[in-house]
Structure formats: C-alpha cells, structure tokens
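Asker: For reference, the structure I am asking about is given below.
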Amino acid sequence: MDPRIPRLRRKLAAIPFQPLRSHSFGEEKHEFRLGPKLPEARVAAFEAKPHIALPDAYRQFLTHIGGSGAAPFYGLMPLERCSLLVMNPRGEPGTPRGFDGRNPRGHGGDLFLHIIEMGCTDVCVIAVTGPLTGRVLIGNSDGYWGPNVSSAIDFLDWYERWLNHMSAGRDNRALELTSPRLRTHPNRHRLAPKI
C-alpha cells in the first residue's frame, strides 16, 4: 500500500470540520463521503473488458480509500460509470482539442478514463495509456477549451493537492475552490483573481 494513503484518509476526514477551508464546487453532492473500497477482483474485471491497466495510484485509491464520492467537482464516479475516451486529433493550430468516447480503441490514440463528474461537457480524466499515463487532465469534450494537464505526478498527488488547497483556504480555479474570504464578500465575483 502506498504510504500516502493513511495521510489522505486523515486529511479528508478533517476537511468538513475546518471552519476556514475553501468551498469546493460540487461538495454538496458528495458531502466529503466516499463510497466503499473496491475489491481487487472488481477492479481487475473492469480492466479486463477493455484490456487496460489502471494507473497504480488511482487503482490504490479505489482499493484502499474509496470507490466513489469525495473528490473535486461533483466527485469521483463509480467505476462502472467511468468511460474510455480518446483525445480528438489536432485540428487547426491554436484550436483546443476535445475528447471523444465513440469507439476509443478505433482511433488508435492514447486512452483516457473519465473519472470525475464536472457537469455539462467538461471532463476530468486520467491517462491510462501513452506518455501521460497516470496524470490527471481537465478539459471539455466538445473542445470549447483545451485540456489542462495537471503538474501532479499521479492521482494521489493530485487528490492531496485538492485537500491541501482546500484546507489552507485557497482559491484555485483549476480545482474550482473558492476561499472563505471570497465566499463572504458581497462583490466576490469582482475579487476573483484572473488567470
């Protein structure tokens, strides 16, 4: 078991009780609760159908922490709702790339697993093949805005970054966190830093 797992459990358990934490968009849906941990056999069965291997850090989260629930945005989707996507081919220079779920194996490109519910056509995915394997990306499936690759080295690092930023009461647009200072100010929409 990854040594970060007990630390992540402690941090997540403390978040709801911290009065000066940031507000995480979508927290009303998951309420910082996790679904049950997944048995290894269930994860292996999921991997067998499309012949993929889940990145180790994400797999360890599912089997040692929880299989759904508390995460940025509307939360971690149950594994059976996760779908494989492929990034659309590069278009005109400067145009953003979206994600497509129709016949992802037929495209021949790198595969991404849609793991977190963001709403509308926005997607939070983890790379399961290719040079970005294990990294989390946020993008728009229709290509309205281009994918943003997190600098976190893997899923556990990305998840801990969310917890740390929230605990510190920081704003973070990429993780949809709003500090207590901005939530209480009557003109909070004018105070948000422009990125």
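Asker: For residues in the range 2-36 being under 20 Å from residue 77 (Cα atoms) and aromatic (Phe, Trp, Tyr), which is surrounded by the fewest Cβ atoms within 10 Å (Cβ to Cβ)?
Answerer: Among those residues, the one meeting the criterion is 25.
Asker: May I ask you to list pairs of residues, at least six apart or on different chains, whose Cβ atoms are under 8 Å apart, with the first in the range 39-66 being under 22 Å from residue 110 (Cα atoms) and the second being buried (at least 18 other Cβ atoms within 10 Å of the Cβ) and small (Gly, Ala, Ser)?
Answerer: From residues that are under 22 Å from residue 110 (Cα atoms), the pairs are 55/127; 55/134; 56/134; 57/134; 58/134.
Asker: Quick one: in the range 37-75, which of the residues that are assigned to a helix (DSSP H, G or I) and hydroxyl-bearing (Ser, Thr, Tyr) is surrounded by the most Cβ atoms within 10 Å (Cβ to Cβ)?
Answerer: 58
Asker: When both residues are 6+ apart or on different chains and their Cβ atoms are under 8 Å apart, which pairs have a first residue that lies in the range 18-34 and is at pLDDT 90 or above, and a second that is open to solvent by 90 Å² or more (accessible area, probe 1.4 Å)?
Answerer: Going by the 8 Å Cβ cut-off, the qualifying pairs are 22/170; 23/183.
Asker: Now, a different point. With (1) in a loop (DSSP other than H, G, I, E, B); (2) at pLDDT 95 or above; (3) surrounded by fewer than 19 Cβ atoms within 10 Å (Cβ to Cβ) as the list, and residue 157 as the residue in question, which single condition is left unmet?
Answerer: Residue 157 satisfies every listed condition except (1).
Asker: Looking only at the range 76-88, how many residues end up being touching a Ser or Thr at 6+ places or on another chain (Cβ under 7 Å) and either in a loop (DSSP other than H, G, I, E, B) or surrounded by fewer than 18 Cβ atoms within 10 Å (Cβ to Cβ) (or both)?
Answerer: 2
Asker: Would you pick out the residues in the range 160-194 that are of a type in the set (A, V, I, L, M), outside any strand (DSSP E or B) and either at pLDDT 80 or above or open to solvent by 20 Å² or more (accessible area, probe 1.4 Å) (or both)?
Answerer: Listed by number, the residues that qualify are 163, 166, 168, 174, 175, 191, 192.
Asker: Quick test of your reading of the structure: residue 40 fulfils all but one of (1) modelled with pLDDT of 95 or more; (2) closer than 29 Å to residue 177 by Cβ. Name the failing condition by number.
Answerer: Failed condition: (2).
The values are calculated or read from the model by the stated rules, or taken from the named source; none is laboratory data. Please read all numbers here as calculations on a predicted model, not as lab measurements. With ideal geometry, Cβ positions are generated from the backbone for all residues, glycine too; neighbour counts draw on all protein chains shown. Note: accessible area is taken over every heavy atom of the protein model, side chains too, but ligands, DNA and RNA are not part of it. Shrake-Rupley method; radii C 1.70, N 1.55, O 1.52, S 1.80 Å.
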